[in-house]
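Let me begin by presenting the structure, written as structure tokens, before commenting on it.
The values are calculated or read from the model by the stated rules, or taken from the named source; none is laboratory data. For clarity, every value in this text was computed on a predicted model and none was experimentally measured. Neighbour counts run over all protein chains shown; Cβ positions are idealised from the backbone, glycine included. The protein model used for the area step is the full one, side chains on, heavy atoms only, and it has no ligands, DNA or RNA in it. Shrake-Rupley method; radii C 1.70, N 1.55, O 1.52, S 1.80 Å.
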Amino acid sequence: MNKLYIGNLGEQASVEDLQGIFGERHLKHSAFLLKTGYAFVDCPDEKIAMKAIDILSGKVELHGKVLEVEFSVPKRQRSCKLQVRNIPPHLQWEVLDGMLAQYGAVENCEQVNTETETAVVNVRYGAKEQARLAMEKLNGFMLEDFALKVSYIPDEAAAAADTPPAGGRRGFPPRGPPRAGSPSMGARPRLQSDVPLRILVPTQFVGAIIGKEGATIRNITKQTHSKIDIHRKENAGAAEKPITVHSTPDGCSNACKTIMEIMLKEAVDTKFTEEIPLKILAHNNFVGRLIGKEGRNLKKIEQDTETKITISPLQDLTLYNPERTITVKGSIEACARAEEEVMKKVRESYENDVAAMNLQSNLIPGLNLNALGLFPGCAPGMGSSMGSGAPPPGQGPQESETVHLFIPAAAVGAIIGKQGQHIKQLSRFACASIKIAQADPLDAKQRMVILVGPPEAQFKAQGRIFGKLKEENFFGPKEEVKLEAHILVPSFAAGRVIGKGGKTVNELQNLTSAEVVVPRDQTPDENDQVIVKIIGHFYSSQLAQRKIQEILAQVRRQQQPKPTPSLPTPRRSLGER
């Protein structure tokens, strides 16, 4: 990925001009290939190519025209992979993740190490059209005064798929019966890569894992029916490199054990005397449940597998690294057993979260929960259709709602962020209006957050606020985040929320596990509205809000005057006036 395309060149542009531009900035390069209006040049490595893009593209003029510099990618390789540059360095991962997910399923997103102050990521989408849409929408998009720069990067897999198979013509199968072991023979199991196994290995052992001309890694892949990615270019100069294994749980475990055995043999051969623990990477979303209440789950795994397990602290999480490191010490056999148990818990957490989201999506009409960015961006199928903000097929536009959410007064600074950056990001991410109300002199402990937006925006904004309060330790480690939310309802509809003898409100509480209260003797406001209070954790609060909005929608429909029947009018043909 070292070849560059230089565009927007005027007719007067010469090779000498380009050599001068590159030479003055100490950008090493080979000879330029100059065409009418554009040119190509090779750089010695990807690092210099990226540096050239960052310091030249959109910043340097030649004969009155601003240069456009990007990776040169043949059309057949312009498929699903993009590079996004000039990302604000302090941008939170979930904000970027949610933004990318607007345009399709993000299969992989990795940070690229650069010398620039801004961040760079490589993104792979699930489909070509999704990548094209992201390229179109995000290139030049202003994010906190930074204009994003997006370009294609070569997608070798797409090029390979585009190449006609040996012995056959494009569009026709090769002659002869399928070979044993081909997918049509059913020999290879379906890859279950919803939660891949991610491990860290010492950099000095990467060569042994790959083997001469890739023979060792190909052998592991074949024996364990896995797809294995060794991220050699990630974290240049780092002491450890991540490896991602996509397979069935058994396939992941077999590949992991084989890799551990290779590392142990290489350590003996090279007289490496330090202990080589197994290091598993897991998204922070799932680590709490892996540890369990008072650490019981982790202690049980340690006892059952005769290993010692430690987990990296929350403080180690960074902008582009939402993963915690689970370090397992013990024999290879013991570590292999521990890997099975650890990943079993992680997969259970993932499946439970997906099930909870699916349950919510059934109960919350028109809410595309898969697109909300609550899970790691690498998980397939997470978010593919929220880019336009349009309602799902068959539904009209969703009405905007107003919710008053009460947070601890001490948490206001964390929600607003430095110079208001966090609340601005949150508002953009959720597509909602978010405002902090003035302090109430009668209640110094709480502050009201006013959220205005349709159901999906409410879900996203409130979810982030609940998460931020937990993340910033405004609730204890064993304490669940419970907040009070207020919905204003027409006074004539309050009785419908309560139900005869309190039946409806009791059913609401039983169904949602939230406390739902319609305070008695309220004086309606100037809009003839009264307050319904909802107190609970995030999912229960959301479910209660949706159910109350359903009741209000029914009341509104019943309030609408029924059309009076009229005589049918004669039909006219298209030609009539």
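Below is a table of values for the structure above.
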| read-out | value |
| --- | --- |
| Check: the range 212-285 dipole with +1 on Lys, Arg Cβ and -1 on Asp, Glu Cβ, in debye | 240 |
| Set K445/K468; K3/K81; K227/K300; K279/K299; K81/K137; K227/K257 screened for pairs whose C-alpha atoms are more than 22 Å apart | K227/K300 |
| Normalised contact order of the range 466-557, rounded percent, pairs of Cα under 8 Å and 6 or more residues apart | 34 |
| Accessible area (Å², 1.4 Å probe, nearest 10) - E24 | 130 |
| Accessible-area ranking of H404, H29, largest first, probe 1.4 Å | H29, H404 |
| Heavy atoms of D525 accessible to a 1.4 Å probe, total area in Å² rounded to 10 | 50 |
| Links that overshoot a 29 Å alpha carbon limit, given the list K28/K265; K149/K212; K222/K293; K308/K344; K51/K241; K344/K424 | K28/K265; K149/K212; K222/K293; K344/K424 |
| The range 195-260: GluC sites (Glu not before Pro) falling in loop per DSSP and having at most 16 other Cβ within 10 Å | E234 |
| Loop sites in the range 240-294: trypsin sites (Lys or Arg not before Pro), DSSP, at most 12 other Cβ within 10 Å | K271 |
| DSSP-assigned coil residues among trypsin sites (Lys or Arg not before Pro) in the range 406-505, each with at most 10 further Cβ atoms within 10 Å | K445, K478 |
